[in-house]
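Single-structure report; data block below.
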Amino acid sequence: MKEHVDLNIISKSPHTSAIITGLLLLENEGVIDLSVNLCYDRVSFYPHSHIVEIRVSDKVIAFDLLDGYNWDIKKVEAYLDNVDFYFKRSFSKEKNQMISDKNRYKLNPLGFNYHVTYRKNPIDSSDNYSLKDCLKRLLGVKPSTYFVPSVFEASPEYKKDNLKVLFFTRLWEVNEKQSAEFNKEIEYINDMRIQIIRELKKLYPRNFTGGIQFSDLAKKCCKDLIMPRRYTIRNNYLKLMKLSDICIGSMGLHESIGWKTGEYVAASRAIVNEKFHYDVVGPFEDGKNYLSFDTVDECIQHVTYLMEHPEAVYTMQQENKKYYNEYLRPDKLVLNALIQAIGKCE
């Protein structure tokens with residue numbers, strides 16, 4: 001007998017799209033029966049807006065897609081009192097020590113996140129389209145509903161030479177209203193991204209494609225690295241990503257694993273990524289699924305190694321395709337969590 005799942009959607013946060021997509025896919029595959037409850041007026045009852053809550057087999061299961069641990073601990077504790085399982089995207093055993101003993105055991109790692117959707121995903125719906133939305137469509141910008149799992153997926157391809165490297169990213173603004181510690185982290189993130197792009201442009205002028213998204217900050221500090229607007233259109237970017245062999249990922253806000261890393265895995269790319277500060281689920285290993293770096297020099301060394309060893313690129317792509325199909329594909333991501341929480345789903 002199929003499990004019945006009650007889904008409570010408390011916001012239209014893009015952070016939650018992959019989990020909702022996974023549930024919709026499981027319903028379409030006949031694995032679960034799904035009831036969707038739109039609870040936007042109850043968001044204040046939750047620790048933050050990046051949570052998806054489901055109820056199944058008398059258990060309350062929460063998925064937390066927050067970037068890090070930038071939360072109100074009192075609200076989190078109060079919520080955890082009424083939850084059986086809490087799957088957290090940014091999961092750290094060390095940082096979980098802030099949680100009380102009675103609730104800490106409820107926390108489990110969730111893994112990578114990226115903005116992927118499926119037909120009839122409620123968070124994509126809009127009561128009315130703005131002029132801006134209409135102009136975007138005229139310019140060829142795909143709506144959110146276009147970005148279903150298959151749009152990200154690609155197969156490994158062995159290339160003997162002329163491998164392509166990709167790193168498109170953005171800068172974050174320092175803000176006086178933010179803590180000095182957070183602003184320091186932002187400065188570090190921006191500096192790391194700028195330096196990596198400069199070095200790769202210098203070293204691989206014909207094989208590297210990348211740059212910084214346009215912004216006032218980018219215009220001020222790295223005008224020469226701003227990429228043409230056509231690359232910032234998401235569907236164009238994803239096509240280019242799938243044509244690339246090696247993709248670079250850097251640390252996100254609050255030390256999170258960036259969404260681009262999840263996209264790279266979905267596309268079965270070889271990955272060079274800044275070291276992870278949080279745990280992921282399954283056997284996603286440094287040296288097998290990605291090469292990690294702490295410094296710009298390390299990043300460049302890893303890229304150079306992969307450029308000179310195309311067989312290693314192909315092997316890594318195969319490993320990431322396997323990982324995606326077993327752990328990251330939205331239906332598998334959610335199903336694995338359900339199995340952990342309630343046992344086998346028919």
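Please treat every number below as a calculation from the coordinates, not as lab data. This structure is a prediction, so every number in the text was calculated from the model and none was measured. Using ideal geometry, Cβ is built from the backbone for each residue, glycine included, and neighbour counts are taken over all protein chains shown.
Here are the numbers for the structure shown:
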item: Most positive-pole-ward Cα, S92, A267, V56, against dipole of the chain from beta carbon charges; result: A267
item: Residue among S244, Y278, F293 farthest towards the positive dipole end of the range 151-328, charges placed on Cβ; result: S244
item: Mean residue ellipticity (222 nm) of the chain, computed from DSSP H runs ≥ 4 via -39,500 (n - 2.57), nearest 500; result: -11000 deg cm²/dmol
item: Options (i) 63, 55, 39; (ii) 71, 43, 34; (iii) 57, 47, 47 - which one matches Cα extents along the principal axes in Å as calculated here; result: (iii)
item: Rh (Kirkwood; distinct C-alpha pairs) - the range 151-328, Å; result: 16.6
item: For the range 151-328, size of Cβ-based charge dipole, Lys and Arg +1, Asp and Glu -1, in debye; result: 1040
item: Pairwise FRET efficiency - Q318 versus D216, Cβ, R0 = 51 Å, nearest 0.05; result: 0.75
item: Estimated distance in nm for a label pair at R104 and E157, the labels positioned 7 Å out from Cα along Cα-to-Cβ; result: 4.9
item: Within the chain: Cβ-based charge dipole about Cα centre, in debye rounded to nearest 20 (Lys, Arg +1; Asp, Glu -1); result: 1200
item: Percent RCO, i.e. relative contact order, over the range 165-306, from Cα pairs under 8 Å lying at least 6 residues apart; result: 23
item: Options V303, G210, I186, ranked by Cα towards positive dipole end of the range 151-328, top entry (Cβ charges); result: G210
item: For the range 37-53 and the range 266-329, distance of Cα centres in Å; result: 34
item: Full-stretch length increase - N70, R42 - with 0.36 nm per residue and alpha-carbon distance subtracted; result: 8.0 nm
